[in-house]
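The values are calculated or read from the model by the stated rules, or taken from the named source; none is laboratory data. These numbers were taken from a predicted model, which means no experiment stands behind them. Neighbour counts are summed over all protein chains in view; Cβ atoms, including those assigned to glycine, are modelled from backbone coordinates with ideal geometry. In case anyone asks, the SASA skips ligands and DNA or RNA and just uses the protein heavy atoms, side chains included. Shrake-Rupley method; radii C 1.70, N 1.55, O 1.52, S 1.80 Å.
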Amino acid sequence: SKAEMRHTCRGTINLATANITVEDSCNFIISNGGAQTYHLKASSEVERQRWVTALELAKAKAVKMLEESDDSGDESVSQTDKTELQNTLRTLSSKMEDLSTCNDLIAKHGTALQRSLSELETLRLPAESTEKIKQVNERATLFRITSNAMINACRDFLMLVQTHSKKWQKTLQHERDQRIRLEETLEQLAKQHNHLERAFRGATVLPASASGTGGSAKDPCCPGKGDLSDEDDDNEFFDAPEIITVPESMGHKPDSAPLLPSRRTGSNISGTSSDISLDEQYKHQVEDTKKEKRTRIPYKPNYSLNLWSIMKNCIGKELSKIPMPVNFNEPLSMLQRLTEDLEYHELLDRAAKCESSLEQLCYVAAFTVSSYSTTVFRTSKPFNPLLGETFELDRLEENGYRSLCEQVSHHPPAAAHHADSKHGWTLRQEIKITSKFRGKYLSIMPLGTIHCVFHSSGNHYTWKKVTTTVHNIIVGKLWIDQSGEIEIVNHKTGDKCNLKFVPYSYFSRDVARKVTGEVTDPTGKVHFVLLGTWDEKMDCYKVMAGTGDNGAEGRPRPHEAEDSRVLLWKRNPLP
């Protein structure tokens, strides 16, 4: 629409700078030099030619308009220009007066001529003269009619000019007002920019003593404002504060200032301490101080977000190529989201203690399902990390594991994750995200394999993740579904578990977000049946050995099932 033309829309091509080329009999291309290219196909050669001609004419018009706007753009009207303008106006008005006088004279002389000719006709003259006079009279009448027509046209033109001049004056005034407003806005923005620059410089060179005495130690949820305290509270956003402790051996005092999480901090610390083994470093940290963890997270700012207006031009594109507004993200990086897979690490701890590899496989299956437990509420996407960015999570003291995650590719986004536990397991995964946007929904397909190795038994399990789909992109409340199958394989024994994530259906009587699975030995015999939902819990039922009519092993009957039911995993209450 015309209203949209005031600000550039995504997907538009400016005809003034467009390049229109004919490909073959029915196809032609419009491009603006690389960013946008449209390949168009007409139904016939004639149709194509009509379109190309129309576009070329429109392009010529756009170029002309651009030149005119460029000419009229320099409105630093000097005094000479003003004088020239006044002179032109004076000349125009004098010409108008001349036209008006001529109009009166023509009317006056025309009437006199007509009268003289009529008098001539009344005189008694030879027949030849009378004929001549009649011809002259006719010509005079024709001349008078033409003159009248011209006079009327002049009058209409005058009226039109007067009406339009008023419109032009209004338009000009509107443009002047717009320009003044724009200048004021620019001035305001420049002031804000300077103010922010000053504030930023002030914030980056805070003295160590000042930042050390901040209130972060008392209340880890209270952001220290530094030099920004005079800013409007509504426009301030801070990273969540986090206390990062650094060993003394690295040249810092143990009571040094709490650092805000920075994308470089972690890598710098690990870089300077490469000569110290991780265990020594860890012992040193525990001796120095206990880490304080925050008890709650800041509220999410409530901004309304019309996702369709952003994504309508991105149908068929890769998610990593879609420019998303920042308030569509949650304040975490993809590396942190990936590390969240370890929330139910105790399932792997319990699996490590299992004597039977089939039982162990049940716990590994429950662990794979548990990684989806919070996704049902989380329609926001995490931030794409920088290439080479790392995220480290050290929970050796409380939970017995440490985890390190690194962004190893930017396009396509890919991360490598490694976690090891003193309870006897190691987990590693390489995840590459691909996605498809199909208008109503967005599918996210994680590619790559997850490996889990148990040290005592040497059992090595692998599996892949399922497809995540975000629905109601166009209208309605966003909701998430998981669908697909996961095959978990024990490469040492050959045991397998096949998990099926049932896609949501309005017409199904099944419980929503259902997951079913079977644990089989290398011969294909079913030993355990798994049942549950990916957002709530997973149960396991032992299959009793028995034979039916066809010789197959019997599935657990309802009363038997309750006896053999084991709750493998239940979701923690949300923080």
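Where does the stretch 94-185 land on the Kirkwood hydrodynamic radius, alpha-carbon pairs, in angstrom? Mean inverse Cα-Cα distance, inverted, gives 17.3 Å.
Backbone amide hydrogens, once placed in the peptide plane, bring Thr467 within less than 5 Å of Ser483, excluding anything fewer than 5 places away on its chain. Pairs spanning more than 19 Å between alpha-carbon atoms, out of Lys496/Lys542; Lys381/Lys537; Lys293/Lys432; Lys381/Lys440: Lys381/Lys537; Lys293/Lys432. Applying 1/(1 + (r/R0)^6) with r as the Cβ-Cβ distance of Arg139 and Asp104 and R0 = 30 angstrom yields a FRET efficiency of 0.85. With the whole protein complex present, Arg350 retains an accessible surface near 90 Å², based on a 1.4 Å probe.
Extension gain, Thr426-Glu183: 0.36 nm per intervening residue step, less the Cα-Cα distance, totals 81.3 nm.
Remark: spin-label model distance Val526-His451 equals 3.2 nm, labels positioned 7 Å along the Cα→Cβ axis.
Peptides 158-171, 487-500 ranked from most to least packed give 487-500, 158-171, packing being the mean of other C-beta atoms within 10 angstrom over each peptide's residues.
Across q = 0.21, 0.29 Å⁻¹, the stretch 15-65 modelled as identical point scatterers on its alpha-carbon atoms has Debye log10 I(q)/I(0) values of -0.72, -1.09, in the order of the q list.
The stretch between Met150 and Leu125, if pulled fully straight at 0.36 nm per residue, gains 5.5 nm over its current Cα-Cα span. Sorting 357-367, 396-406 by average packing, meaning the other beta carbons within 10 Å per residue, from highest down gives 357-367, 396-406.
Each Lys or Arg adds one and each Asp or Glu takes one away; over the other residues whose Cβ falls under 14 Å from the Cβ of Glu485, this sums to +3. Charge dipole of the stretch 94-185 (Cα centre as origin; +1 on each Lys and Arg Cβ, -1 on each Asp and Glu Cβ, all else neutral): 120 debye, rounded to the nearest 20. Working from label points 7 Å from Cα in the Cα-to-Cβ sense, the Trp51 to Asn19 distance is 1.9 nm. Listed cross-link partners Lys465/Lys525; Lys514/Lys570; Lys465/Lys492; Lys492/Lys525 are compared with a 23 Å cut-off, the Cα-Cα value being larger for Lys465/Lys525. Whole-percent P(r), the stretch 485-536, all Cα pairs, 10 Å bins from 0: 25, 44, 23, 7, 0. Available extension along the chain between Lys132 and Glu343 is 64.4 nm, counting 0.36 nm per residue and deducting the alpha carbon span. For Arg48, neighbours were defined as the other residues whose beta-carbon sits under 13 Å from its Cβ, and their charges (Lys and Arg +1, Asp and Glu -1) total -3.
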